[in-house]
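S.K.: Would you mind keeping the following structure in view while I ask a few things?
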Amino acid sequence: MTKFAAIDLDSPGQSTDSQDQDHVQAPVAVPAPVSRLAAILIELALAVGGFGIGTGEFAIMGLLPNMASEFSVTPSQAGYVISAYALGVVIGAPVIAVAAARMARRDLLLLLMGIFAVGNIFSALAPSFESFTLLRFVTGLPHGAYFGVAALVAASLAPPHKRASAVGRVMLGLTVATLVGTPVATFFGQAFSWRIAFLAVGAIGLLTVALIFLYLPRDTVAEGASFKRELGAFKRKQVWLTLGIAAVGYGGMFAVFTYIASTATKVAMMPESMVSVLMALFGVGMITGNIVGGWLADRSIMNTIGGSILYNIVILTLFSLTAASPTMLCLCTFLIGCGFAAGPAIQTRLMDVAADAQTLAAASNHSAFNIANALGAWLGGLVIAWGYGFAATGFVGALLSIAGAGVFAVSYILDRKEKARA
């Protein structure tokens, strides 16, 4: 099998966007050249894992009533399982990245997806609501670390000027899950049993383990990798600023999406059957944004992030102003999904500014997005409770994007100053 070798990512020709890349890069474990077919198979294996994670994360939202009924809990209590999973993501990403600093990436990916698979299988067999909630927390632990390490592997397999596109292809599994995996799992879960959905997700996890084992070559740990070095990521201002952009600036998508069903039926007066259409439009938007965003980020990471924030401000404001129109609601839902274009750019930016602590930084990206999820849903719920209506969630999202633009401006200015001194 091909062995991984340590190379210097700051060597000449490694970046086509010198203005956007952090000027300090460190040796990391990346693979020796592999064939294009081998790279495609590796990306496919990693994307299948993302598909399973996305399906497991979002399918529960449509199956909450079924689960609540079986365990005899209220809908609000049932929501705790979603919070438990999100908490697992937020905690698991940095903790696992640091604890596994001396693990080879292939071994770590196999371990993470193994935990995910077993967690979902046991979730399907949970005898009580308490045990199910605990298992959702455990299942969420590998989420962020998996995507972080998978992104690093994908980027290392691609030519330097196409790293973001490679990251986007791996993340494509997550976005496709919103369009295909989640609706299918929800349908069969509602028709038969919610437990079947989690068994299916567990099976996808096991399939991913097999694919990674077959196609991803064994690698060696980067020289000098350690617990202490990974923690060094949190000493870097640009790491915190980039995570802040994700956690604050992209909460708007979740402020709207969390309440999209009620917005459709109570504001646009659309039939309940159209909610699934809106979900599909959002999924198509995420897939489109992911592909286009990777292409744009390969040309300019910072311009892609900054541009996507401005884009979100406009689209989220438009959502609130036109939510009463079924046609505009459908269009805006698709366009809001396209805001996911920032995903590959932010993931790649974190790899660049983390220098020799890339695993922790890359994994923490998904902790930041889960914070954005919680923040957006909470603030959206507040304005609804205050009587401003479901359409006002777009204004909440726009304000979050404006706050994210402020964080981005600080990051951009500091970046210019650092490069001027270099």
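S.K.: So which of 147, 137, 234 ends up being crowded, with 23+ Cβ neighbours inside 10 Å and within 21 Å of the chain's Cα centre (by Cα)?
M.R.: Going through 147, 137, 234 in turn, just one is crowded, with 23+ Cβ neighbours inside 10 Å and within 21 Å of the chain's Cα centre (by Cα): 147.
S.K.: Counting only residues that are over 17 Å from residue 286 (Cβ atoms), open to solvent by 10 Å² or more (accessible area, probe 1.4 Å) and out of contact with any strand residue (DSSP E or B) (no Cβ under 8 Å at 6 or more places or on another chain), how many does the range 315-358 have?
M.R.: Residues in the range 315-358 being over 17 Å from residue 286 (Cβ atoms), open to solvent by 10 Å² or more (accessible area, probe 1.4 Å) and out of contact with any strand residue (DSSP E or B) (no Cβ under 8 Å at 6 or more places or on another chain): 10 in total.
S.K.: Kindly state which helices (runs of 4 or more DSSP H) lie completely within the range 213-322 and contain at least 2 residues that are under 25 Å from residue 162 (Cβ atoms) and touching a residue at least 40 places away in the same chain (Cβ under 8 Å).
M.R.: 237-249, 274-297, 301-322
S.K.: Starting from the range 119-139, take each residue that is closer than 15 Å to residue 87 by Cβ and list its partners that are open to solvent by less than 50 Å² (accessible area, probe 1.4 Å) and not in a helix (DSSP H, G or I), counting only C-beta distances under 7 angstrom and pairs at least six apart or across chains.
M.R.: Between residues of the range 119-139 that are closer than 15 Å to residue 87 by Cβ and residues that are open to solvent by less than 50 Å² (accessible area, probe 1.4 Å) and not in a helix (DSSP H, G or I), the close pairs are 132/126; 135/126.
S.K.: While we're looking at this one, here's another question. Which residues, taken from the range 45-59, are open to solvent by less than 10 Å² (accessible area, probe 1.4 Å) and modelled with pLDDT under 85?
M.R.: 59 - this is the single residue of the range 45-59 that is open to solvent by less than 10 Å² (accessible area, probe 1.4 Å) and modelled with pLDDT under 85.
S.K.: Anything in the range 40-96 that is under 14 Å from the mean Cα position of the chain (by Cα) and among the charged types (D, E, K, R)? List them, or say none.
M.R.: 57 - this is the single residue of the range 40-96 that is under 14 Å from the mean Cα position of the chain (by Cα) and among the charged types (D, E, K, R).
S.K.: Might you check whether a residue that is without any contact (Cβ under 8 Å) to a residue 40 or more places away in the chain, assigned to a helix (DSSP H, G or I) and either under 23 Å from the mean Cα position of the chain (by Cα) or more than 25 Å from residue 262 (Cα to Cα) (or both) occurs anywhere in the range 379-389?
M.R.: no
S.K.: Now a separate question. Only residues in the range 151-162 that are surrounded by fewer than 21 Cβ atoms within 10 Å (Cβ to Cβ) count as the first member; pair them with residues that are charged (D, E, K, R), Cβ under 7 angstrom, at least 6 apart or cross-chain, and list the lot.
M.R.: Close Cβ pairs satisfying both conditions: 161/298; 162/298.
S.K.: Which members of the range 167-191 meet the condition of being among the β-branched types (Val, Ile, Thr) and under 23 Å from residue 358 (Cα atoms)?
M.R.: Those that are among the β-branched types (Val, Ile, Thr) and under 23 Å from residue 358 (Cα atoms): 167, 170.
S.K.: Moving on. Can you give me the number of residues within the range 89-114 that are assigned to a helix (DSSP H, G or I) and surrounded by 19 or more Cβ atoms within 10 Å (Cβ to Cβ)?
M.R.: Here the count works out to 14.
S.K.: Quick check on residue 123: is it surrounded by fewer than 23 Cβ atoms within 10 Å (Cβ to Cβ) and assigned to a helix (DSSP H, G or I)?
M.R.: Against the criterion (surrounded by fewer than 23 Cβ atoms within 10 Å (Cβ to Cβ) and assigned to a helix (DSSP H, G or I)), residue 123 does not qualify.
S.K.: Can you tell me which residue among 372, 361, 403 is under 15 Å from residue 244 (Cβ atoms), small (Gly, Ala, Ser) and surrounded by fewer than 22 Cβ atoms within 10 Å (Cβ to Cβ)?
M.R.: Unique residue meeting the criteria: 403.
S.K.: For the range 131-165, give me each residue that is under 20 Å from residue 216 (Cα atoms) and in contact with a Gly (Cβ under 8 Å, 6 or more places away or on another chain).
M.R.: Once the filter is applied, which keeps residues that are under 20 Å from residue 216 (Cα atoms) and in contact with a Gly (Cβ under 8 Å, 6 or more places away or on another chain), the range 131-165 yields 142, 143, 144, 145, 146, 147, 150, 160, 164, 165.
S.K.: Can you tell me which of (1) surrounded by fewer than 19 Cβ atoms within 10 Å (Cβ to Cβ); (2) more than 23 Å from the chain's Cα centre (by Cα); (3) over 20 Å from residue 311 (Cα atoms) is the one residue 415 doesn't meet?
M.R.: In the conditions (1) surrounded by fewer than 19 Cβ atoms within 10 Å (Cβ to Cβ); (2) more than 23 Å from the chain's Cα centre (by Cα); (3) over 20 Å from residue 311 (Cα atoms), residue 415 misses (1) alone.
The values are calculated or read from the model by the stated rules, or taken from the named source; none is laboratory data. As the structure is a prediction and not an experimental result, all values here were calculated from the model. Here the Cβ is made from the backbone with ideal geometry for all residues, glycine too, and neighbour counts use every protein chain on show. For the accessible areas, the whole protein counts, side chains as well, though only heavy atoms, and no ligand, DNA or RNA atoms are used. Shrake-Rupley method; radii C 1.70, N 1.55, O 1.52, S 1.80 Å.
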